[in-house]
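None of the figures in this text is laboratory data; all of them are computed from the coordinates on show. Remember, it's a predicted structure, so these values are computed and weren't measured experimentally.
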Amino acid sequence: MRLVIDNFAPYVESVAVSLASIPDSPKYSAAWPGAVDENNLGGDLNPSPDELIGTTAPLKFKIEFSEEMDQTVSPTTKLKFANGQEPALPPGTWSNGGKTYTITTTSSTFASSAASGNAALSIEAKDLAGNPLDFNPKTIEHRDANGKFSANQQGPDKNHTVRIDAVAPVISLLGWYGHDRFYEGWESDPPVFHPADSLLLYQ
C-alpha cells in the first residue's frame, strides 16, 4: 500500500510541439519559470520559439508535469482550432517516472478539423493523490490549515496556444504558393513548364 500526502495541486510545467520527424527542434516551446516561494512561480509563460505549425505532417506534443502523475489514466488532451473544432489528441506514453507525457499525431489526426490561426491546447490529468491540475500555475494551488485547497483554480490547463497554418503549398503553372508567399517560376507567355526548372520549396 502506498500512502500519498500531497498539499499542492499539480500543474503543467512545460509544453513543446515539434514535427515528429525532428523531435529535438520544437516549433513551439514554453515553460513556467522556477518558483520564488511555495505559493508563486513569479513569472509569465513566454513561448520561444513560437513558429507556424502545419497539421498535415505528424506532430509530437511533449508535456512536462510538476510532479508524478497517475499513469493508470491517460490525460485528456484536445486542440481547439480557430474554426471552433476541438479534436482529441491520440493517446500518448508516460516516461520520466510519470512526469512526462508524449503524444504523436498522424497525418490524418487533424485532416477534417484543422484551421489556420491560433489553436488552444487543453490538458486534463490527475496526480497520485487524485488532484486535478492547477489551471493558473502562476499562483500555486495548495491546501490550507483545514486541509482544503485555498483557491478555486483546478481544472483543464489551457495556457498554451500554438499558431497553426493549415494551408498546404499549391503549385501553379506560373509558380507556386506556399503559406503567404507566391514564387514566380516562369516568365514565358503562355507559361511553359521545363523539367529542368527547379522550385524553391517553402515550409
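Any chance you could tell me what percent of the C-alpha pair distances in the stretch 12-165 go past 24 Å? Taking all Cα-Cα pairs of the stretch 12-165, the fraction more than 24 Å apart is 33 percent.
Computed over the alpha-carbon atoms, the stretch 30-99 gives an Rg to Rh ratio of 1.00, Rh here being the Kirkwood radius from the mean inverse distance.
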